[in-house]
Amino acid sequence: MKQLKLKNGQSLIIRTAKKEDALNLINYVNKIGGESDFLTFGDNEFDITLEKEEEIIESHIDAENKIYLIAEIGNEIAGSINYSGGARQRTKHTGEFGVSVAKKYWGLGIGKELIKYMIDWAKEGNVVRKINLRVREDNETAVNLYTKLGFKKEGIISRDFYVDGRYYSSISMGLEID
């Protein structure tokens, strides 16, 4: 767990997700799906049962190559990050993450803090040695943040997103953990 002050003076807590967070996480994800076209899902497209979300959270708790974090302000989920490494010996050292922040908290550095926490977790462990992500090519704010945090552009995936009748390419980025 990590506690810090945001640019606006509010207190932020970053902590590991618990099974009891499942319903709040489902509600959070369904809400943010309608706040940004840069996510891999849209408004109310996060069609998952409470039981399945609980299973996902539990699968991360004791795994050496998975982490699921929540950023909270008060009792409200302001952001989350979820990293999953490979299931097999040859790929368990690498994986991909997704990060999101509720629109009302954009610009406060929450996404940056979640990613830094994840990177520190990977460095402290002896398993994760590569963190990957995909970001829509036109999401300059995110690309700049990932670059500042040390991620390198590794390639372009054409037509990776389809939003409102239009295709978008994504950039594959990666961070090697030494």
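Read the figures in this text as sums done on the coordinates, not as results from a lab. Everything numeric here is computed off the predicted structure, so don't read it as measured data. A quick note on method: Cβ atoms are made from the backbone with ideal geometry, for glycine too, and the neighbour counts reach across all protein chains shown.
Observations on the model:
- Ranking of Y162, Y68, Y83, Y117 by count of other Cβ atoms within 10 Å, fewest first: Y162, Y117, Y68, Y83
- Average Cα contact separation per residue, the chain, under 8 Å, 6 or more apart, as relative contact order %: 17 percent
- Expected 222 nm ellipticity per residue - DSSP helices of 4 or more, -39500 (n - 2.57), all of the chain, to 500: -8000 deg cm²/dmol
- Each residue in D160, D62 was given a count of other beta-carbon atoms within 10 angstrom of its own, and listing them fewest first yields D62, D160.
- Taking 0.36 nm per residue of separation and subtracting the Cα-Cα distance, full extension of the segment from K104 to E55 would add 14.8 nm.
- Calculated diffusion of segment 45-172, Stokes-Einstein form, Kirkwood radius summed over Cα pairs, 25 °C and 0.890 mPa s, µm²/s: 153 µm²/s
- Counting neighbouring beta carbons within 10 Å and listing from fewest to most, the residues M118, M1 come out as M1, M118.
- Net lengthening on full extension, R88/K5 (0.36 nm per residue, minus Cα-Cα): 26.0 nm
- Relative to the current alpha-carbon distance between R159 and W121, full extension at 0.36 nm per residue lengthens the span by 10.4 nm.
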